Amino acid sequence: GCDTGGDCKCLCTAIATYAHECNIHGVYIKWRTPSFCPMQCEKDCEHYEPCIPTCPQENCDTLLDPNSPMCTQDACVEGCAKDICPSGQVYKSSTDLECVPKADCEKKCMEIEGKVYLEGDVISQDDCHTCSCSRKKKICRGTPCPEPTSTTSTHTTPRVTIPISLLTSTPSTTITTEAEDGECRDGWTEWFSEDKPIIFRQNSDTERVPQKLKQSKTGKGFCARSQMVDILCRSVGTHRPHTEQEDVTCSLEEGLLCQGRNDATGADTCWDYEVAFLCDCSRSTVETSSATTPVTPVTPPVVVIPSIPPEVQPKPMTCDEEGWSEWYNVHVPDRDGEFESLSEIRKTYSLCPDHYIAEVECQPVKGGGVESIVTCDKKGASCRNNAGQMYCQDYEIRVLCQCECQDGLGMEDFSITNDQITSSSLMTPDDKPYAARLNSDWAWTSHPVDEFSERNAKDEWLQVDLKEVKEVTGVVTQGHPYFEQFVETFAVQVSETGAVWEDIKEKEASFAKQFPGNTDQSTPVTNLFPEPVFARYVRIVPIDFHSAISLRVELKGCDSKETTTPAPGVTLPTVQTPETFPESVCINGWTSWMNTHTPRPGDWDDMDDLRSLAEKYTFCEPHQIMDTQCQVVGLGLTPEASGQVGIICNTNTGLQCNDDLQAPQHCYDFEIRFYCDCSLSTTLPAVVSTEPTSITTLPSEYCTQYDPQYKMHDDDCRKFYQ
């Protein structure tokens, strides 16, 4: 082991080489002494050991990052080992060798100017941004609001600062009322989830705090937002607390926020989360009235549209007649399958928006019942020909429309006054914005726009102030009554306060929706929004036009739904009802095969997660699932035998197929089933809130990643964290 240096140095090296060979064979010799080839270890915190594990010792950083890769103990080496902390304590970090209780480091996130912030604590926030503490970092979302406008009275009172979102012409009135019977119940609400990540498309989950929760399940709490005193956030299905995923915030101010890269995969993808709130009915509900004249609204950002317009503009979405539509059949089965997509049907026929579709029916064109290999939902009828097999029949589809909230909001009947209508510019003094009323004898016309100049149609706009937040479901447009001038395509922007604006978009789209406008100057064209919006300000932004930008409009919608009678001038917030799923029913053994998604043109990924499965099927609780199997629909091939690449099939994720990995083919249609063990307790352990005032004691049988096993069972606890 040594052929250079003096005898003493060579002797120690040679013996160390021999001892290392012994270590490889599992024989550990403590051969060094303070007088013979000593190891220079720190006396206060280290000692010599012939075999030191190569994995780092447990510390606060490893406790706060349970998703980090697990180290594998392949071998050990001799050296200076750090002294072991007493039971129940760990090192502060891999470099800070101070021993601290586990409970302390699990909560403390960081210290700023002497103030200690716990994991998930909000460090600073205003209406435009929030900074919170996560994984020993200050994580900020948004940017601080601009400095508010200030006014100083003529007396010696302190200066009064008025935020932009406040209204100034009439004093606000505060009304305090005690919650009436049936309006509030103390305790935790049920869990609900309004958003979920879409694999490979939208790596985010946002669960907002609702303004009010209605009563749903017996015994569960419900209340107004002002009566919510705590929040819990966990993953859907597996019920893992949000603190186990990095850069996820959970607060009463913002709700649950998880945002990551859209191309992230594996552990970097946001989980699907659900939230629950603690209601305290002793708190009074406080509503602040809205005065009539707002501070001048902030100019909205420029409408973002694709540089290349869609090849085929869909027909306007309308809901003129309730009931069943005619049968549609726009696709002939091919080698990929049979796909009667509502989005494709809308390119030829005018259908009501998805949120008005109460029911969908599918049937084979040649007659007979719907086959089990066919998915029939609000996206259409889908049947995937897997692995080159041709077995999908030709299908047709129809929808049942139930139209609501279709009233005119006041442009045509003048209940919207002239001063509530504004515009970017005028062609002539006669082309006032208030001339833009549906079926009126004149129209609003903007300043002349040259489509070849730097100035374009998107710089022009027509805006309506509804004076209060209302539910807006669509817009009706006309051109000029005397001249052949009309808007061919347009976008819509909305705002509740005038400070923050949003484009109307299709679901999962990153661009503003381009609504098909008029093809002549006189025929009214109705366009319903993909989803209803709640807004006070509505702005129509022309994109393409014929001859000149001329508009006559009506807004469609209704007053916001209210649960109590407000005082004059008081606008109540919207009401949100928790999402409910079928009650789980546990039957020992394998469930039936389940399938909630079929790959189709434009959406060739396949995903059957626990949440979507629970919405459609009834099966045992997630913690009672012992095994998972997936197979190709109609063929029974396992993911491995199918030849498809990178198929994920497990309890935590469900079934996932990334179409990008299957080129030049597409994802097959997979189905999934679970093996249930009903002997496991149906009572889940409580989730511990990050708020120090709301810590719930966990049962002794609660499984953590540090436990060797979950009860006395054949599966290691680690299974639940992978």
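The values are calculated or read from the model by the stated rules, or taken from the named source; none is laboratory data. Predicted, not measured: the structure shown is a model, and the values here were computed from it. FYI the Cβ positions are ideal-geometry reconstructions off the backbone, even for glycines, and counts take in every protein chain you see. Just so you know, the surface numbers come from the protein's heavy atoms only, side chains and all, with ligands and any DNA or RNA stripped out. Shrake-Rupley method; radii C 1.70, N 1.55, O 1.52, S 1.80 Å.
Select from segment 99-112 the residues that are surrounded by 12 or more Cβ atoms within 10 Å (Cβ to Cβ) and acidic (Asp, Glu) and write down the one among them that is modelled with the highest pLDDT. Taking the candidates together, the pick is 104.
Taken together, the residues in segment 362-407 that are over 28 Å from the mean Cα position of the chain (by Cα), surrounded by fewer than 16 Cβ atoms within 10 Å (Cβ to Cβ) and within 30 Å of residue 466 (Cα to Cα) amount to 1. Among residues of segment 594-609 that are assigned to a strand (DSSP E or B), those with a beta-carbon under 7 Å from a residue that is charged (D, E, K, R) and open to solvent by 10 Å² or more (accessible area, probe 1.4 Å) at least six positions away or on a different chain give the pairs 594/671; 594/673. Restricting segment 323-355 to residues that are polar (S, T, N, Q) and farther than 20 Å from residue 525 by Cβ leaves a set whose member that is least open to solvent (accessible area, probe 1.4 Å) is 341.
Every listed requirement among (1) out of contact with any Phe, Trp or Tyr (no Cβ under 6 Å at 6 or more places or on another chain); (2) touching a residue at least 60 places away in the same chain (Cβ under 8 Å); (3) part of a loop (DSSP other than H, G, I, E, B) is met by residue 498 save one, (1). With 164, 175, 123 as the choices, which residue is at pLDDT below 80 and open to solvent by less than 80 Å² (accessible area, probe 1.4 Å)? Exactly one of 164, 175, 123 is at pLDDT below 80 and open to solvent by less than 80 Å² (accessible area, probe 1.4 Å), namely 175.
For segment 178-207, the set of residues classified as modelled with pLDDT under 75 and either of a type in the set (Ser, Thr, Tyr) or outside any loop (DSSP other than H, G, I, E, B) (or both) consists of 198, 202, listed by residue number.
Yes/no per residue for (1) without any contact (Cβ under 8 Å) to a residue 12 or more places away in the chain; (2) in a helix (DSSP H, G or I); (3) of a type in the set (Phe, Trp, Tyr); (4) open to solvent by 40 Å² or more (accessible area, probe 1.4 Å):
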| residue | (1), (2), (3), (4) |
| --- | --- |
| 613 | no, yes, no, no |
| 618 | no, no, no, yes |
| 623 | no, yes, no, no |
| 631 | no, no, no, no |
| 637 | no, no, no, yes |
| 641 | yes, yes, no, yes |
| 646 | no, no, no, yes |
| 649 | no, no, no, yes |
| 652 | no, no, no, yes |
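For segment 208-235, residues that are surrounded by fewer than 22 Cβ atoms within 10 Å (Cβ to Cβ), in a loop (DSSP other than H, G, I, E, B) and among the hydrophobic types (A, V, I, L, M, F, W, C) total 1.
Suppose the filter is at pLDDT below 85 and either assigned to a loop (DSSP other than H, G, I, E, B) or surrounded by fewer than 14 Cβ atoms within 10 Å (Cβ to Cβ) (or both); does residue 663 pass it? Taking the combined requirement at face value, the residue satisfies it. Taken as a whole, the condition of being modelled with pLDDT of 75 or more and not small (Gly, Ala, Ser) does not apply to residue 579. Return yes or no: is residue 300 modelled with pLDDT under 85, open to solvent by less than 20 Å² (accessible area, probe 1.4 Å) and in contact with a Ser or Thr (Cβ under 8 Å, 6 or more places away or on another chain)? Yes.
A single member of 34, 38, 69, 56 is at pLDDT below 75 and over 35 Å from the mean Cα position of the chain (by Cα), and it is 56.
Kindly evaluate residue 623 against the criterion of being closer than 19 Å to residue 391 by Cα, under 27 Å from the mean Cα position of the chain (by Cα) and modelled with pLDDT under 90. So residue 623 does not fit the description; no. Do any strands (runs of 3 or more DSSP E) lying entirely in segment 344-440 carry at least 1 residues that are among the aliphatic types (A, V, I, L, M), and which ones are they? In segment 344-440, 357-364, 380-384, 395-401, 421-423 are the strands (runs of 3 or more DSSP E) which contain 1 or more residues that are among the aliphatic types (A, V, I, L, M). Taken as a whole, the structure places residue 464 among residues that are open to solvent by less than 10 Å² (accessible area, probe 1.4 Å), part of a strand (DSSP E or B), over 16 Å from residue 427 (Cβ atoms) and at pLDDT 85 or above.
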